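What follows is one structure encoded as structure tokens, with my remarks underneath.
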Amino acid sequence: MTSRVDLHAHTTASDGTRTPGEVVELAHRRGLSVLAITDHDTVSGVPEALDRAAQIGLRVIPGVEISAEQDGVQAHILGYLVDHRSVRLNEQLERFGEARLLRARQMLRRLESLDVPLHWDVIAGAAEEGVVGRPHIAQALVEAGHVASMEEAFGRYLSPGQPAYVPRPKTTPREAISIIRDAGGVPVLAHPWCIVFMLEDLVADGLLGLETHYRSYDSCQVNRLSQLALEHGLIRTGGTDFHGFEGETHSLGDIDVPPGCIADLDALHTSLLDA
């Protein structure tokens, strides 16, 4: 039986290109035994993923990735095994989705002022019922012929410092951690290499895990992050941050995540519920 896992994947519920059911099917074809659905600021894709997983015999962990910021530094907090049916959680995430919508409209207005027009219906259609993000705008720029690639779209227009970039009001990492823990979940710092200086404060705020295995990390980075996790009493997780974009260098399960991470995650979650 396979022990391959991927604890960081996105769907059309946020800025991925495949539906939750399609991501589950891809994980199954690639031989994964455990998959976490971690869409940005929403858990709306979890029910579909759980239903499809039950049909084909794959375990799906309900999750979320909350975008946060502290003193100008971005930190993404993954939440695992959250109660995706929690009314309070969904209300809080809905606020974040509304902020994303406002930001997207502002970016389209900036693009129009640069003689790079896009229709809102195109963006909304690309996002379907999901959370609107910069990748949807980047893809629309490509399809409209304004740029040759999504990388060019970000580099010329949508990255910080570029003319169409609009910062989005974000929650703080402390608030994100609190939201996840209030929903019964385990908060984990995503792709943490460049922000490990925040660890001590985040642990004090209730952080419980570190994404030590990530698509772009080499063995030295993994070893250092694993050491930091041990020092701070954090569980380790890992994933590819799969979105399904054309040209994405890693597909689901393409990195080696220690299978023991799942047992540690489950044990920690159980202890939280019993506390």
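Quick notes on this structure:
- Yes/no for Leu101 being hydrophobic (A, V, I, L, M, F, W, C) and over 23 Å from Thr17 (Cβ atoms): no
- Scan of region 193-233 for residues that are outside any helix (DSSP H, G or I) and either of a type in the set (D, E, K, R) or in contact (Cβ under 8 Å) with a residue 40 or more places away in the chain (or both), ordered by number: Asp205, Leu207, Leu208, Gly209, Glu211, His213, Tyr214, Arg215, Asp218
- Selected residue (criterion: farthest from His191 (Cα to Cα)) from residues of region 254-275 that are hydrophobic (A, V, I, L, M, F, W, C) and part of a helix (DSSP H, G or I): Leu273
- The test for being outside any helix (DSSP H, G or I) and under 27 Å from Gln92 (Cα atoms) holds for Gly238.
- Selection status of Val186, in contact (Cβ under 8 Å) with a residue 60 or more places away in the chain and among the β-branched types (Val, Ile, Thr): yes
- Filtered residues of region 127-148 (kept if at pLDDT below 90 and on the phi > 0 side of the Ramachandran plot): Glu128
- Being under 15 Å from the mean Cα position of the chain (by Cα), at pLDDT 95 or above, under 21 Å from Gln70 (Cβ atoms) and surrounded by 17 or more Cβ atoms within 10 Å (Cβ to Cβ) is a description that does not apply to Leu225.
- Taken as a whole, region 239-249 holds at least one residue that is closer than 24 Å to Thr17 by Cβ, of a type in the set (D, E, K, R), out of contact with any strand residue (DSSP E or B) (no Cβ under 8 Å at 6 or more places or on another chain) and surrounded by fewer than 22 Cβ atoms within 10 Å (Cβ to Cβ).
- Considering only residues in region 1-24 that are among the acidic types (Asp, Glu) and buried (at least 18 other Cβ atoms within 10 Å of the Cβ), the one that is farthest from Gly253 (Cα to Cα) turns out to be Asp15.
- Among the residues making up region 135-153, those that are aliphatic (A, V, I, L, M) and farther than 18 Å from Phe242 by Cα are Ile137, Ala140, Leu141, Val142, Ala144, Val147, Ala148, Ala153.
- Among the conditions (1) surrounded by fewer than 17 Cβ atoms within 10 Å (Cβ to Cβ); (2) over 29 Å from Glu25 (Cα atoms); (3) in contact (Cβ under 8 Å) with a residue 24 or more places away in the chain, Gly161 misses just one, which is (3).
- Residue among Leu111, Leu101 that alone is out of contact with any helix residue (DSSP H, G or I) (no Cβ under 6 Å at 6 or more places or on another chain) and at pLDDT 95 or above: Leu111
- Test: residue in region 246-253 that is closer than 10 Å to Val5 by Cα, assigned to a loop (DSSP other than H, G, I, E, B) and of a type in the set (A, V, I, L, M): yes
- Options Leu118, Leu78, Leu93: the member that is touching an Asp or Glu at 6+ places or on another chain (Cβ under 8 Å), at pLDDT 95 or above and of a type in the set (A, V, I, L, M, F, W, C): Leu78
- Qualifying residue in region 160-170 (condition: of a type in the set (D, E, K, R), modelled with pLDDT of 95 or more and assigned to a loop (DSSP other than H, G, I, E, B)): no
- Filter pass, Val132 being surrounded by fewer than 20 Cβ atoms within 10 Å (Cβ to Cβ) and over 29 Å from Asp256 (Cβ atoms): no
- Odd one out for Asp41, checked against (1) in contact with a Leu (Cβ under 7 Å, 6 or more places away or on another chain); (2) of a type outside the set (Ser, Thr, Tyr); (3) at pLDDT 95 or above: (3)
The values are calculated or read from the model by the stated rules, or taken from the named source; none is laboratory data. Note that the structure is predicted; figures quoted are calculated from it, not measured. Neighbour counts are summed over all protein chains in view; Cβ atoms, including those assigned to glycine, are modelled from backbone coordinates with ideal geometry.
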